[in-house]
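One structure is given below, encoded as structure tokens.
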Ligand code: ADP
Ligand code: MG
């Protein structure tokens with residue numbers, strides 16, 4: 001089981017779009033997937049076709065130890081993957097977790113109970129470096145960072161890299177950057193081309209070859225409760241995320257040494 005947190009403290013960079021579309025694309029390649037929605041906005045939940053206001057239990061109850069993960073996870077009606085859903089109730093967890101001595105590890109423990117059930121766990125983090133994101137980073141082995149190639153993107157990235165270093169130091173020594181994903185990319189923009197080149201220069205092959213273009217179908221699909229590949233299969237956005245799923249699987253290939261967590 002590989003656990004990947006999809007994180008960037010900046011909002012609107014494509015975390016949720018990446019989470020949902022990657023989950024559906026990996027599932028279509030035969031992978032067993034759990035998508036964890038860690039954002040009280042519940043966009044990954046809605047985007048997976050699950051009515052968030054009707055939830056009796058959610059990731060909130062799992063984080064607080066009030067429910068087991070496998071009781072709460074539900075299958076996305078449109079895609080062949082499971083979702084640990086979220087809604088606004090999750091916003092309260094931030095405060096309630098304060099009383100927990102090991103509050104940073106609540107998600108990690110919840111996931112450890114089902115370590116063989118999934119090939120990949122994708123964690124859609126909220127747009128903040130808060131206790132929820134820390135739970136995501138403490139549970140993960142890898143961080144995928146979606147980003148737009150804008151002027152301030154690199155600056156925001158250094159804050160995130162610092163946070164990842166702190167989490168590695170204090171909570172999760174095995175945490176690594178899985179990759180940087182260029183999202184909403186417009187090849188006609190000079191600035192986007194420049195920032196993209198800078199990214200490749202600084203981060204080398206940590207930058208995915210796959211680039212996600214700006215594509216209206218990716219923005220429309222969530223209102224239908226579907227990943228783009230189940231809404232408009234031949235759209236550029238749907239195809240790009242399928243390519244990303246293939247690239248991700250290739251990168252997990254035998255050339256990488258097994259991570260220590262696989263012994264757990
Ligand atoms: P985040 O989770 O980082 O806040 P979202 O995935 O919710 O970001 O994306 C922000 C907005 O941009 C949403 O309305 C989403 O539909 C839209 N969006 C995301 N990626 C793309 C894309 N590649 N092309 C067009 N629209 C996109
Ligand atoms: Mg989001």
**OP:** Give me a count of the residues in region 205-218 that are surrounded by fewer than 16 Cβ atoms within 10 Å (Cβ to Cβ) and either in contact with a strand residue (DSSP E or B) (Cβ under 9 Å, 6 or more places away or on another chain) or in contact (Cβ under 8 Å) with a residue 40 or more places away in the chain (or both).
**Re:** 2
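Determine, yes or no, whether residue 46 is in contact with a helix residue (DSSP H, G or I) (Cβ under 6 Å, 6 or more places away or on another chain), in a helix (DSSP H, G or I) and within 12 Å of ligand 2 (Cβ to nearest atom). Working first, answer last.
Details: in contact with a helix residue (DSSP H, G or I) (Cβ under 6 Å, 6 or more places away or on another chain): yes; in a helix (DSSP H, G or I): yes; within 12 Å of ligand 2 (Cβ to nearest atom): yes.
So residue 46 fits the description; yes.
Filter region 145-170 down to residues that are part of a loop (DSSP other than H, G, I, E, B) and under 22 Å from residue 19 (Cβ atoms) and give me whichever is modelled with the lowest pLDDT.
That would be 150.
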Original post:
Name the residues in region 103-143 that are in a strand (DSSP E or B) and either without any contact (Cβ under 8 Å) to a residue 40 or more places away in the chain or in contact with a helix residue (DSSP H, G or I) (Cβ under 7 Å, 6 or more places away or on another chain) (or both), would you?
Top reply: 120, 121, 122, 123, 124, 143
**OP:** Collect the residues in region 125-137 that are buried (at least 22 other Cβ atoms within 10 Å of the Cβ) and more than 16 Å from ligand 2 (Cβ to nearest atom), keeping them in residue-number order.
**Re:** 134
Original post:
Within region 203-224, how many residues are over 18 Å from the mean Cα position of the chain (by Cα), in a helix (DSSP H, G or I) and away from ligand 2 (no atom under 16 Å from the Cβ)?
Top reply: 7
**OP:** Kindly indicate which of 107, 122 is surrounded by 23 or more Cβ atoms within 10 Å (Cβ to Cβ), away from ligand 2 (no atom under 16 Å from the Cβ), modelled with pLDDT of 95 or more and closer than 29 Å to residue 221 by Cβ.
**Re:** 107
Subject >> For residue 57: the one exception among (1) under 19 Å from residue 17 (Cβ atoms); (2) away from ligand 1 (no atom under 16 Å from the Cβ); (3) in a loop (DSSP other than H, G, I, E, B) >> reply: (1)
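Results for (1) in a helix (DSSP H, G or I); (2) away from ligand 1 (no atom under 16 Å from the Cβ); (3) free of Cβ contacts under 8 Å to residues at least 24 places away in the same chain; (4) touching a strand residue (DSSP E or B) at 6+ places or on another chain (Cβ under 8 Å), shown as yes or no for each residue.
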residue: 13; (1), (2), (3), (4): no, no, no, yes
residue: 18; (1), (2), (3), (4): yes, no, no, yes
residue: 21; (1), (2), (3), (4): yes, no, no, no
residue: 26; (1), (2), (3), (4): yes, yes, no, yes
residue: 41; (1), (2), (3), (4): no, no, no, no
residue: 67; (1), (2), (3), (4): no, yes, yes, no
**OP:** Considering only region 71-93, state which residues are more than 30 Å from residue 233 (Cα to Cα), surrounded by fewer than 16 Cβ atoms within 10 Å (Cβ to Cβ) and more than 19 Å from the chain's Cα centre (by Cα).
**Re:** 71, 92
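The values are calculated or read from the model by the stated rules, or taken from the named source; none is laboratory data. The shown structure was predicted, so the numbers you read here are calculated from the model rather than taken from an experiment. Glycine gets a Cβ as well: all are built from the backbone with ideal geometry, and neighbour counts include every protein chain shown.
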